[in-house]
């Protein structure tokens, strides 16, 4: 039973990400975009309970009817829910209660996974696992935010290294004009927003073989990039001024030396590491300062088989919009992606905290332009 | 001198739009997106003074050095400026002072237009005229907002009719898959955001030959469209709930009868008129309710030679992003379009208040998704 | 008919205050506390129409039923109203319409004033006149704000002098401990908040015979008063920091020289003039810096027969609360004062823009602690 | 050593209040006025460390220099601090770290309390104990808020009863006009805001011998008190409408039955219990509806020797202002009370969660008018 094995792997990995935390770390929500770790633990469990066990497992007993209110994220179809900014106000259910909830649902899921299932049910289980993997990445980013914004700046794990692979000498991959195909096709799982595979026409372009490094970005800072409106979108410039932004998130200039908050606490900035934790505005401003641009998502996907990627989610110049022929699934699952297709930008690739095997070349990640608590970076095009 | 004649026509048209106003109407700014009419009168004049007369007309005397602070809209290159939400707090310069300012600049421009000019200067004059035409449309939309949100709902002009041309029987124009070219090419003026002309691949699609009518949109309202989250983007649904939206702007249900604020004051809703004053969220929700979608801007442009358009700015499913090869002009003029290319949606066509001859098939208008004080409408695709 | 003569005097004085304005100046509302001058002109008229003519003058025709919505200030009993922050968004009714409204109501009032009236009606007319006098002072303060916050800083009237009477040598009036009586008694008009006259016990105290001068306040500024939290209430210190306050309103340090916006435009600060335009927080901080305090309103009233006062509203250390035995009148008039008796501080005296004869020794003015667009000053006690 | 014994009692009582909590409950801050319990535990400890041990105990080693930043509440003299609304974002220091901090400081304090001390030091220790007692009451109110606003509404302690002593038949205590003395005098501890004892003149008045009961307040609700503006201050009426207030805090109308959140979870409302958890606005509106008023703090204090009090903090009609002769202590301790003497109302008495022996007849508690998470009630006067 591959699915059962996958289920076990995914569920355990979630809990192992949380293992270094103190109980208090599971509770807080310093900003609206960050969710408390215990909420992620409950919400991913609620997904299996709500969409698989409740409708399909005979004799299943709901763990606690009030949990639907607490752990529903954004599914309007499934009733009212705690508003997002209130998640950090909830001390209960306690972590131990949520762990009992996980055990309760896991036990039922193991029984359920013993049964024969229709392809639809199997697809839904796979969706639940991919969903939990997405929350594994969010757990990492949210935990980093919680600890990294605490005045004590505690380490998450003194042994966990950050991606620091030396950046290769940058070169340019030249792509010929013509019709390309993008979007998912073939076997295996994909999200609905990767469908359907379709043709796009691309003109000649070049795309960098490497990500922008911290050292390169430092040049932008030191040449006054954050003080020159010419490189910025108008709303990006407002963002810089209103938030007094002078560097990427987690960068601190202390006694003339750039420091960076890592899994191991505050460390000297690794200049050869790929730049991380920047907003779309910063990515676009940096590209403008270089006299270049960001790739579109189609350009990225067409070139990606020949590129090395996976350390940073790479901001593209594409807005998050439906592909030709996109349709929403009926019911609550249809709320998964389509309703977010406005006002966000697409990111491609994967990051050092993306679960292994989770992403693929057609994967479409998306965030609002000012956000930067994700592991985001820059690849240039021209 | 065609340019001189054009200058005279455009400048006079601006003032004739304002002719029905009372002095008080020139002053107010009920919301941030609406500017006081006297600000438009001054700002369009400031454009000619700042970018043409000051650098190029020998012996020109600036009308008042403080006006730069008052009438600069968003040009960071040209110094500090009154913040947008404060425009309605300025009782001075008075309307008569601004009219003297217009006379002063017009006199100098007429002298200037007698001279021989380089193509660059000529292009800048043409840009100034197109800029003023854009503000003519904004004058109409802002005046409608100012009068239409006054509790007395005064008429703008008792003789001015709204577009009411009966909507033809809807039919579908079928377009074949293939490579199309979009973007401006050839002689004459265009904005930088229409450049450069480039190829796009489009799959098979169909596009409606007519705009959605008030009667059709009423069906959406009456079937509960504003109360069913399934048709809405997540941020659109928040917008509906936070603003308690139940109908397009300027629609009022009074004693069971739908009324609509027009140039002639409050009138019974013309059911056969093309729908107007809706947000992108409403356009997308209506399309979703119909089981269809909005066209992309490339689909729109490829089909438009065979369509009738011009009564409504038509929301597309395309975000406002740079075309391949887009570059910003150096200096202040480079701030015209490029820095707004994030978080907005493209509208195509023109509206009943667009100056005659101002728009064209490659024209790219753009607004944020929730805005609806412009003359916006819906054309469906599938 | 004294009342008729008073009516004529008061109504004309209101219009003469507005005489130097341009039409545009009547319209704007730069902050919520400031009302557009045309609103004051309409609202004072609405008071007579609503509370006197409509219920009492046979055959009176309401000028325009929609005006109640526009010109009601805060009377919940009299229907819904334009919310305060929207007053500056109303271009209509135009100034000329409001002037016709004033003529219409004045004509009717003159007829009404010919008749015999009960004491209750007479009292209501007198209240209407005192109400309009209060708005005369607000007209001055609001006009100063509108013109003084315009980047062009136009003069209101080049011939209108500010109070500049040299401050006498300060001396101290010593008051003996004992029972004093405060509150209004006797003939003539008073507001309900001055009632009833009652005994208070005061300990020994001393009160300054003069107001704090600009020169004295400059010492506070120059000794770092705005940068030292020790002199400030906690919420005052937040106010200083959030608003970056460094001087009284209308003070500008230009090229090392203190300037002050007056009726005649920007002028060098008159150091011997009594300090003006300060918040309660600043008054209390100054007193604390001097090692003294502000008087209570009872101390002020007990001493005032022996003091010269009338140039500045003097902040006291008393909160605005009901006197013993205070009762609200039934009906809308009962909303005049009582419902504001929380979260405000009492000011005593009068200012250079208070109508002659309007104030008296028992008069209780009141504002919220951070406000300073009124002509407020400081008298010390110890 | 009485002081040492007192120290032990107070410190242990704080921890016993927290004993029923889960670790997660120590962390959250649902609204700005509520602090996380672990913050109270740390802050009260920080007070002893900062004001006693650091300056006075030779050889004392600061537990962690970063704790000053975390646990300073509002003392500007003692450096920068975590802003109040961010306290709930801090998962570290963990509860166990704070408990070690308490042990560290307690050990040092026990050594310190063995020594001989000046009266000044003794007074400061006593102040520290009274300070911690104030936080004990805040711990109760904040814990009730945290658990009572959780959708699961967990009980704090299934055995802890709420005050439910039957309200006596109400009678009126009549007080004769004359001079009374209020304020603290004599031996023992008092806060600086109770000084100095001084004379006040009071007219004849009557004060209720009992607090308003839930049953009495229900009559106000059922007669439409929350829907009739006439009983409310203007800002109270805005508060009712903006927050859609229809009952005291923790009251829920479920299936036609009034329920109330208690230490034991949600329970049927005890109609004979004294009303609790109301704002000043509600207290004043109720009094107005009864045709009565709230007592002033002087009236309360003059009558209190003959009254039973201690179940509810009783809102008075007095603003929180300095007594005659009030002076702030020099240094950080001077920030204890004086800087809050604006915009708040005085409450007298004590509540069911005030530590035994903490309050006294001259005690002046104070809160902003809209707050109601404290155990507040109403006593009428006339």
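Listing for the model above:
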| read-out | value |
| --- | --- |
| Between helix A:280-289 and chain A: long-axis angle, C-alpha atoms, 0 to 90°, nearest 10 | 20 degrees |
| Extended-chain gain in nm, criterion 0.36 nm per residue less alpha-carbon gap, residue A:169 and residue A:181 | 1.4 nm |
| Where only C-alpha atoms are counted, convex hull volume of the protein assembly as shown per residue in Å³ | 213 Å³ |
| Beta bridges per DSSP with both ends in segment B:172-377, % antiparallel, nearest 5 | 95 percent |
| Cα coordinate range in chain A, projected on the principal axes (Å, largest first) | 65, 53, 35 |
| Cα-based equivalent ellipsoid, segment D:141-217: semi-axes from gyration tensor eigenvalues, Å | 37, 23, 11 |
| Test item: B:342-351 mean partner chain Cβ contacts at 10 Å | 3 |
| Normalised convex hull volume, segment B:2-148, alpha-carbon set, Å³ per residue | 103 Å³ |
| Histogram of C-alpha separations across segment D:302-382, 5 Å bin width, % | 3, 13, 23, 24, 20, 13, 4, 1, 0 |
| Nearest-first distances (nm) between copies at residue D:154, label 7 Å from Cα via Cβ | 1.9, 6.4, 6.6 |
| Under 17 Å from the residue C:115 label point (7 Å along Cα→beta-carbon), backbone N, segment C:44-60 | C:48-60 |
| Zone of residue C:8's modelled label, taken as backbone nitrogen in segment C:34-63 under 18 Å from a point 7 Å along Cα→Cβ | none |
| Length-normalised contact order of segment D:1-104 in % [C-alpha pairs under 8 Å, at least 6 apart] | 30 percent |
| Fewest-first sequence of C:253, C:127, C:380 by Cβ atoms within 10 Å of each Cβ | C:253, C:127, C:380 |
| Teacher prompt: residue A:219 distances to equivalent labels in other copies, 7 Å Cα→Cβ, nm | 6.0, 6.0, 8.2 |
| Tail weight of P(r) past 12 Å, computed on alpha-carbon pairs of segment B:239-286, percent | 67 percent |
| Peptide B:84-94 - average C-beta neighbours from other chains (10 Å radius) | 6 |
| Separation of the residue A:204 and residue C:155 label points, Cα + 7 Å toward Cβ, nm | 6.9 nm |
| Label-to-label distance, nm, for residues given as residue D:96 and residue D:255 (7 Å Cα→Cβ offset) | 4.4 nm |
| Neighbour-count order for A:31, A:95, fewest beta carbons within 10 angstrom listed first | A:31, A:95 |
| Shielding of B:219-232 by partner chains, average beta-carbon count, 10 Å | 1 |
| Per residue Cα convex hull volume in Å³ - calculated over segment A:236-378 | 155 Å³ |
| Ascending list, in nanometres, of distances separating the residue D:6 label from those of the other copies (7 Å, Cα toward Cβ) | 6.2, 6.9, 8.9 |
| Folded to 0 to 90 degrees: helix C:119-148 orientation relative to chain C principal axis, Cα | 50 degrees |
| Ranked list, fewest to most other Cβ atoms within 10 Å of each Cβ, for A:172, A:315 | A:172, A:315 |
| Residue D:15 versus residue B:54: modelled label distance in nm, points set 7 Å from Cα along the beta carbon direction | 7.1 nm |
| Between segment B:145-212 and segment D:250-317, the alpha-carbon center distance in angstrom | 63 Å |
| C-alpha center-to-center spacing [segment D:60-93, segment B:357-377] in angstrom | 52 Å |
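Computed from the coordinates by the stated procedures, all read-outs in this text should not be read as laboratory data. Just so we're clear, the structure is a prediction, and the values are computed from it rather than from any experiment. Positions of Cβ are backbone-derived with ideal geometry, glycine not excepted, and every protein chain shown enters the neighbour counts.
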